[in-house]
Structures are given as structure tokens and as C-alpha cells.
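The values are calculated or read from the model by the stated rules, or taken from the named source; none is laboratory data. Every value quoted in this text rests on a predicted model; they were computed, and no experiment measured them. Glycine also receives a Cβ, built like all others from the backbone with ideal geometry; neighbour counts cover every protein chain displayed. Remember, those area values only see protein heavy atoms, side chains included, never the ligands or the DNA or RNA. Shrake-Rupley method; radii C 1.70, N 1.55, O 1.52, S 1.80 Å.
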Amino acid sequence: GVAGGGMVKVTLNGKGYAKRVSIDRTLMKPDDAEIVEDLVAAAINDAKSKLETRAAEEMKSLTAGLPLPPGMKLPY
């Protein structure tokens with residue numbers, strides 16, 4: 001996930017846990033702490049959203065062709 005035009009980047013693993021956080025050094029000023037905190041939260045949310053989208057796409061490809069009842073979703 002990214003925020004602040006790429007100034008903050010977060011990588012999550014497949015279970016949604018933060019694996020890596022990268023913060024552009026220009027944001028490392030005491031007066032900008034609140035901005036950095038907001039950007040980290042935004043990057044985590046962006047990464048989580050991308051993770052959920054990717055997981056849904058993978059599940060869809062894995063269940064393609066399975067005779068599931070209409071409206072049934074995996075995982076439950």
C-alpha cells in the first residue's frame with residue numbers, strides 16, 4: 001500500500017500483518033509527526049484493501065468451474 005504520493009509504503013503478508021514500512025526521509029521532521037502517522041495508517045489501509053482484492057481474485061480463479069449453489073461464497 002502507498003500513501004502521500006509514494007512517500008509512505010507498507011507491505012503486508014497474506015494474512016494482513018505488516019511486513020515492511022518505508023517512509024521517505026523528507027518526512028522525518030518532528031513537526032510532521034502527525035502527517036507521517038496519518039500517511040502510515042493510509043498506506044496500511046491501502047495495502048489491506050489490495051490484499052483483500054487479490055485474495056478475492058485468487059479465490060474466484062480457484063473456484064471457477066466448481067458447481068457451487070448460487071450465492072454461496074468461499075471462504076464462508
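Of all the residues in the stretch 1-32, those that are of a type in the set (Asp, Glu) and closer than 16 Å to ALA43 by Cα number 1.
For the stretch 21-40, the set of residues classified as part of a helix (DSSP H, G or I), open to solvent by 50 Å² or more (accessible area, probe 1.4 Å) and aliphatic (A, V, I, L, M) consists of ILE35 only.
On inspection, GLY5 qualifies as outside any helix (DSSP H, G or I), modelled with pLDDT of 90 or more and loosely packed, with under 12 Cβ neighbours inside 10 Å.
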